[in-house]
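To start, the structure under review is shown below, and the notes come after it.
The values are calculated or read from the model by the stated rules, or taken from the named source; none is laboratory data. Bear in mind that the values here come from a model prediction, so they are computed numbers and not experimental data. Glycine also receives a Cβ, built like all others from the backbone with ideal geometry; neighbour counts cover every protein chain displayed. Side chains included, ligands, DNA and RNA excluded: accessible areas come from the protein's heavy atoms. Shrake-Rupley method; radii C 1.70, N 1.55, O 1.52, S 1.80 Å.
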Amino acid sequence: MEILSLKEHHARTLLIHCRWDMEKLLTILVEKGKDELYSKAGVTSLEQDDNSAAANSSKLSISSMVLCTICYEDVPPCEITTMDCGHYFCNSCWTEHFIVKISEGQSRRIGCMEHKCYSVCDEEKVRNLVNSRDPNLAEKFDRFLLESYIEDNSKVKWCPSAPHCGNAIRIGDDIEEILEIECACGQQFCFNCLSEAHSPCPCPIWEMWSKKSLLDSENANWLTVHTKPCPNCHKPVEKNGGCNHVGCVCGKSFCWHCGDPLNKEHKCGRYVEKSEKKEEFGLITQNYLLRYTHYLNRYKAHLDSLKLESKLKKTGEEKILCLIESDAIVTNYSWVSNGIDRLFRSRRILSYSYAFAYYMFGDEPFENCITNKEERKRKQNLFEDQQQQLELNVEKLSSMIEDPFEYFPQDEISLRKAHIINLTRVVDKLCKELYECIENDFMDSSECANSNIALYKSNGVEKASKLVIHEDMQPSPSNGEVNKRPCKSSSSNESYTAEVKIEAEESSLKRLKVFPV
């Protein structure tokens, strides 16, 4: 805040007011002026601050006792604290006021006690007064201030791992696109919605799918056994009475035995061979449930394969050791680990692509993304062709990696190496094309404008790397305070972030760690 020549706590108050958005702060400053910005944020201007401090200092210095207008007790000047706004009260009243506010979770903007004064109190004075009464509460106040940087900042978010790892990640101010990140704890998540990394499925679709799959996966079998589809609206209907003439909420009545609409002439007791037309109608009425189970089964199948293939990490290392010990002609074995990594990434992409397809090619809510039915069908066929090509090559890659090729003859090992390297590149290319197909063919329309996906990255989800902590940010051994100065990155171009980590040991104090992306 060098532009405004502010004290550190005033600068932080302004940033908290603008949710740590410097661009928003500067916009308000230019459009509405400094006075309105300060007034809304509860910051006393520098000139007013100096004048009030000088006036009150001279007033208190000549008085032997000072009246506190809160408790109406006469106290010596040494037990009076004056805030930047110029209002002063006794330390006991200030302390009680601060304790109440901190206990209520209002540490970020504790206001002055004076009636109709909206200035924010100096955090250093708050900390010192509360620490003299309750050191634990003073630590809580510090933690709230640190966490405000994370919880109020759109560029900084907590890692959603469970149990919580205590890390927070900040992305660069210039990053606008949806981003997927891997925390230092290993958790991969979408920075936009804080769900697990789910590209190429957009956040709105993933939110609907995760809720539906969580609720419906256990109910799908029950629906198949205990319900029948209405011949009019095709929604599942449960029979809750003894009568076999059931009615749907759409108003249509049908026979529970055969599924036909009811009329005066309806009879179904006699066995009749089903015609092709009737069989076709029966398939249509089952479509609602069958379509969902189709996509759900394939979504789960790839996730199940991923779980089973997770052991390949260990077996891959064992295969490499075995090849090294056998003095094989091949000396570089990075193709093994690269193939395994590519297999894991492509499995996830395939799994989430089925969640995307279920909603994008259904009747709602994304049917307006492509209004032309012929165009919609053409794009669906293109997407499914690419999806199937990817699926086919992923299965080939999985089969080749799982084979015990470490025991193959030398010439076959060289041939297997070439095949795995080639398949790794092909799968990478097909994954990229699938992303481009979704981005260019489905996300460009105005109806899907808020449904963008994270960019495809050949090397996988971006990893948050740990920066060196500046020595000025280390906690003081005497009072546990953290000096919140900017931290120095090993690279001047790297964006930096604060991560609040509360150590579990009794003697541990708060510290800041930094994870940039």
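A few points about this structure:
- Qualifying residue in the stretch 185-193 (condition: within 30 Å of N440 (Cβ to Cβ), at pLDDT 85 or above, buried (at least 16 other Cβ atoms within 10 Å of the Cβ) and of a type in the set (F, W, Y)): yes
- Annotation for the stretch 194-207: no member residue is among the hydrophobic types (A, V, I, L, M, F, W, C), within 30 Å of E439 (Cα to Cα), within 24 Å of the chain's Cα centre (by Cα) and modelled with pLDDT under 80.
- Residue in the stretch 54-67 that is more than 19 Å from L6 (Cβ to Cβ), modelled with pLDDT of 80 or more and assigned to a strand (DSSP E or B) present: yes
- Every pair of residues 6+ apart whose Cβ atoms lie under 9 Å, when the first sits in the stretch 16-39 and is among the acidic types (D, E) while the second is open to solvent by 90 Å² or more (accessible area, probe 1.4 Å): E23/D173
- Of all residues in the stretch 82-141, those satisfying the criterion of being assigned to a strand (DSSP E or B) and of a type in the set (S, T, Y) are T82, Y88.
- Some residue of the stretch 171-193 being of a type in the set (A, V, I, L, M), closer than 23 Å to H9 by Cα and not in a loop (DSSP other than H, G, I, E, B): no
- Number of residues in the stretch 310-357 that are open to solvent by 70 Å² or more (accessible area, probe 1.4 Å), at pLDDT below 90 and over 14 Å from E402 (Cα atoms) equals 7.
- Residue tally, condition touching a residue at least 40 places away in the same chain (Cβ under 8 Å) and not β-branched (V, I, T), over the stretch 408-429: 5
- If you go through the stretch 101-131 and pick out every residue that is farther than 21 Å from L37 by Cα, touching a residue at least 60 places away in the same chain (Cβ under 8 Å) and either among the hydrophobic types (A, V, I, L, M, F, W, C) or open to solvent by less than 20 Å² (accessible area, probe 1.4 Å) (or both), you end up with 1.
- Residue in the stretch 435-457 that is open to solvent by 40 Å² or more (accessible area, probe 1.4 Å), of a type in the set (A, V, I, L, M), modelled with pLDDT under 90 and out of contact with any Gly (no Cβ under 9 Å at 6 or more places or on another chain) present: yes
- Considering the stretch 228-248, and only residues there that are modelled with pLDDT of 80 or more and among the charged types (D, E, K, R), the residue that is nearest to D260 (Cα to Cα) turns out to be K228.
- Applying the set (1) out of contact with any helix residue (DSSP H, G or I) (no Cβ under 9 Å at 6 or more places or on another chain); (2) at negative phi to N91 leaves exactly one unmet item: (1).
- The listed residue being open to solvent by less than 90 Å² (accessible area, probe 1.4 Å), at pLDDT 75 or above and either small (G, A, S) or in the same structural domain as F344 (by the TED database) (or both), out of K278, K307, K300: K300
- If you go through the stretch 68-81 and keep only what is open to solvent by 20 Å² or more (accessible area, probe 1.4 Å) and not in a strand (DSSP E or B), you end up with T69, I70, C71, Y72, E73, P76, P77, C78, E79.
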